[in-house]
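Undergrad: Sharing a structure below in structure tokens format, with a few things to ask.
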Amino acid sequence: MTDLRWGLLATGTIAAEFAAGVEQSRHGVLAAVASRTAERARDFATRYEIPKAYNSYEALLADPEVDAVYVATPHALHEEWAIRAAEAGKHVLCEKPLTITAADAEKVIDAARRNDVFLMEAFMYRLHPQTRRLVELIECGAIGEVRAVDVTFSFDSDENDAARLGDPALGGGGILDVGCYCTSLARLVSQAATGIPAVEPTRVTGMARLTESGVDEFAMGLLRLPGDIIAQLSCGYLLTQDDHIRIYGTTGQLYVPKPAWIHELRAPGVSTIVLTPSGGEPDVIEIEATQGVYAREADYVAAHVADRQGPELTWAETLANLRTLDRWRTAVGYGR
Ligand SMILES: NC(=O)c1ccc[n+]([C@@H]2O[C@H](COP(=O)([O-])OP(=O)(O)OC[C@H]3O[C@@H](n4cnc5c(N)ncnc54)[C@H](OP(=O)(O)O)[C@@H]3O)[C@@H](O)[C@H]2O)c1
């Protein structure tokens, strides 16, 4: 496998975490970083020993020594920069959500297809061994037939995140920022239970508390999914809740007290899934992750770049999740 030379678009929180991940990856090399300002690009390049710092995203895309681009801007800018990166012949790993709507995602996927480049939405939790173990447990019938899913991802953001997430022009709101993990996980459970790839709900309803700026600060959703599974989702960016996953089946339940997306599990270490058979004692299953999530993600892109899609995070998967998010956002009042 040849090493991928990465160019990073933006210098915010997640760009820094990904840069550290590439440093720890086996098949990634930090080649360049771009910022809207020269100073931020230089500072970031110094911090992560990146050889090239560009004061515009365009300049990085013109660099022939960059193979793959990581798009780490606020959501609303993903579409433009993922398309421009693909048109510059770069492979693209784009932060979640790939775009604001499924229709926008079609345009990005079309650009990747036309330019014959790799494209993946950066849902790193899908690659974590805990998530893979959860899928195996459902597939092997550890809790019988799945009936219900309960998933929460919600946090009280700091000033920087609150500004970005409160701004409708940047694609603000909790549903797009963290609710996207809830829909992704609920759909994954349905997929594992039914074998249907890129599965989509048959019904989506929801409610939200909207901010004065008109974005969802706290939202709940209900999905009816193939396999006759009902999922309740909860997310928000101004409210601390206990993040968790609970999956109830006809012969037992699975409980994930710390899902793979939480901050603590981004580093290598041990996570757990609690399997409780109906009427039985809980069995705490320990799962070891030997690599951090972003190092794993960078290596995953290197491993699948020739296929143009990641098998766990295909273009069909991204579209199915975004269509679900479109419906959830419509249900809570967007577009009215
Ligand atoms: N997968 C994960 O674990 C994870 C975790 C957190 C966030 N994310 C995703 O990553 C993306 C960025 O989140 P973040 O937390 O890194 O945000 P952030 O800290 O606010 O950083 C965003 C960066 O984007 C650039 N940018 C370009 N245009 C901008 C604009 N109009 N306003 C503000 N910034 C702009 C800025 O870098 P320059 O000024 O240097 O260009 C800024 O530092 C989001 O889409 C989010 O969903 C993913």
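Undergrad: Need pairs with beta-carbon distance below 7 Å; first residue open to solvent by less than 30 Å² (accessible area, probe 1.4 Å) and within region 275-295, second within 16 Å of the ligand (Cβ to nearest atom) and acidic (Asp, Glu); sequence gap 6+ or separate chains.
TA: Hits for this filter: TYR294/GLU17.
Undergrad: Right, another one. Restricting region 84-99 to residues that are of a type in the set (A, V, I, L, M) and buried (at least 21 other Cβ atoms within 10 Å of the Cβ), which is nearest to LEU265 (Cα to Cα)? Talk me through it step by step, then tell me what you get.
TA: Quick first cut of region 84-99, residues of a type in the set (A, V, I, L, M) only: 85-86, 88, 92-93, 98.
Right, trim to buried (at least 21 other Cβ atoms within 10 Å of the Cβ) and you get 85-86, 92-93, 98.
Working: ALA85: 30, ALA86: 31, VAL92: 24, LEU93: 21, LEU98: 22 Å.
So the residue we want is LEU93.
Undergrad: Can you confirm whether ALA193 is open to solvent by 10 Å² or more (accessible area, probe 1.4 Å) and touching a helix residue (DSSP H, G or I) at 6+ places or on another chain (Cβ under 9 Å)?
TA: yes
Undergrad: Anything in region 29-39 that is assigned to a strand (DSSP E or B) and within 16 Å of the ligand (Cβ to nearest atom)? List them, or say none.
TA: Going residue by residue through region 29-39, those that are assigned to a strand (DSSP E or B) are 29-34.
Matches in region 29-39: LEU30, ALA32, VAL33, ALA34.
Undergrad: Could you please give the count of residues in region 239-272 that are crowded, with 18+ Cβ neighbours inside 10 Å and either more than 19 Å from the chain's Cα centre (by Cα) or polar (S, T, N, Q) (or both)? Outline the logic, then answer.
TA: Of the residues in region 239-272, the ones crowded, with 18+ Cβ neighbours inside 10 Å are 243, 245, 247-249, 252-254, 256, 259-261, 265-266, 271.
Now narrow it down to the ones that are either more than 19 Å from the chain's Cα centre (by Cα) or polar (S, T, N, Q) (or both): 247-249, 252-254, 271.
Number of matching residues: 7.
Undergrad: Among the candidates LEU119, LEU176, LEU127, LEU165, which residue alone is more than 14 Å from the ligand (Cβ to nearest atom) and either modelled with pLDDT under 95 or crowded, with 19+ Cβ neighbours inside 10 Å (or both)?
TA: Details: LEU176 fails: more than 14 Å from the ligand (Cβ to nearest atom); LEU127 fails: more than 14 Å from the ligand (Cβ to nearest atom); LEU165 fails: more than 14 Å from the ligand (Cβ to nearest atom).
Answer to the selection: LEU119.
Undergrad: If you don't mind, there's one more thing I want to ask. Take region 64-121 and flag every residue that is at positive phi and of a type in the set (Gly, Ala, Ser).
TA: Once the filter is applied, which keeps residues that are at positive phi and of a type in the set (Gly, Ala, Ser), region 64-121 yields only GLY89.
Undergrad: Does any residue in region 138-165 that is in the same structural domain as LEU265 (by TED's automatic domain parsing) come within less than 9 Å, Cβ to Cβ, of a residue that is basic (Lys, Arg) and buried (at least 16 other Cβ atoms within 10 Å of the Cβ) six or more places away or on a different chain, and which pairs are these?
TA: ALA148/ARG246; VAL149/ARG246; ASP150/ARG246; VAL151/ARG246; SER157/ARG164
Undergrad: In this structure, does LEU313 turn out to be open to solvent by less than 10 Å² (accessible area, probe 1.4 Å), modelled with pLDDT of 95 or more and in contact with a Pro (Cβ under 8 Å, 6 or more places away or on another chain)? Show your work before the answer.
TA: Numbers: open to solvent by less than 10 Å² (accessible area, probe 1.4 Å): yes; modelled with pLDDT of 95 or more: yes; in contact with a Pro (Cβ under 8 Å, 6 or more places away or on another chain): no.
Judged against the criteria, LEU313 is not a match.
Undergrad: I would also like to ask the following. Can you tell me which residues in region 55-79 are open to solvent by 30 Å² or more (accessible area, probe 1.4 Å) and more than 10 Å from the ligand (Cβ to nearest atom)?
TA: Listed by number, the residues that qualify are GLU58, ALA59, ALA62, PRO64, GLU65, ASP67, GLU79.
The values are calculated or read from the model by the stated rules, or taken from the named source; none is laboratory data. Not measured: the values here are computed from a predicted model. All Cβ positions, even for glycine, are placed from backbone atoms using ideal geometry, and neighbour counts span all protein chains on display. The protein model used for the area step is the full one, side chains on, heavy atoms only, and it has no ligands, DNA or RNA in it. Shrake-Rupley method; radii C 1.70, N 1.55, O 1.52, S 1.80 Å.
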